[in-house]
Amino acid sequence: MVEDDEGHARLIEKNIRRAGVSNEIIPFTDGTSALDYLLGPDGSGNVSSGRQLLVLLDLNLPDMTGVDILEKVKGNMHTKRSPVVVLTTTDDEREIQRCYDLGANVYITKPVDYEGFANAIRQLGLFFSVMQVPETE
């Protein structure tokens, strides 16, 4: 989860847990540390080879935009198949379309309808429990 607002991060995690998802949540408050985790210090993405990742991404971060992170994650052969859920206050149509064009799987505008969010997370959880991630080439 890449979210710089601590209150939002707690609320998101609470609703993920309420949806019955027990996976580890690794919080990041800035894009630099999130990208270091996702792509490794060398930026190759090799560190994420074989990892099952779901990225919850805010677009408004202190050091870079979430769009930059989305672009790097979806442009890397090791992370491009990882689902990305954008959770942000930005409801600009062009920004939403840009995120989808870059490969975002879901775009949710804050303030979030948490019942809808919890339902989406439950469905993602069910999806992950039956999904086989294809090996990267």
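The values are calculated or read from the model by the stated rules, or taken from the named source; none is laboratory data. If you're wondering where the values come from, they're calculated on a predicted model, not measured in any experiment. As a convention, Cβ positions derive from the backbone with ideal geometry for all residues, glycine included, and neighbour counts pool all protein chains shown. Ligands, DNA and RNA are stripped out before the accessible areas are found, and what is left, the full protein with its side chains, is counted by its heavy atoms. Shrake-Rupley method; radii C 1.70, N 1.55, O 1.52, S 1.80 Å.
The modelled label-to-label distance for the pair residue 113/residue 60, using points 7 Å beyond Cα in the direction of Cβ, is 2.2 nm. Segment residue 18..residue 98, full-extension length gain: 25.7 nm, with 0.36 nm per residue of separation and the alpha-carbon distance subtracted. Across all C-alpha atoms in the stretch 1-43, the radius of gyration and Dmax reach 11.8, 36 Å.
Leaving out same-chain residues fewer than 8 places away, which aspartates and glutamates sit with a Cα under 16 Å from that of residue 80? The qualifying aspartates and glutamates are 36, 68, 71, 101, 135, 137.
Rolled with a 1.4 Å probe across the full set of protein chains, the surface gives residue 110 an accessible area near 20 Å². 3J(HN,Hα) along the stretch 71-83, derived from phi through the Karplus expression 6.51 cos²θ - 1.76 cosθ + 1.60 where θ = phi - 60°, amounts to 4, 5, 5, 6, x, 9, 4, 8, 10, 4, 8, 6, x Hz, with x in place of Gly and Pro.
Cross-link reach is defined here as a Cα-Cα straight distance under 25 Å, omitting same-chain residues fewer than 8 places apart; for residue 14 the lysines meeting it are 110.
Given a 1.4 Å probe and the protein chains as shown, residue 106 ends up with an accessible area of around 50 Å².
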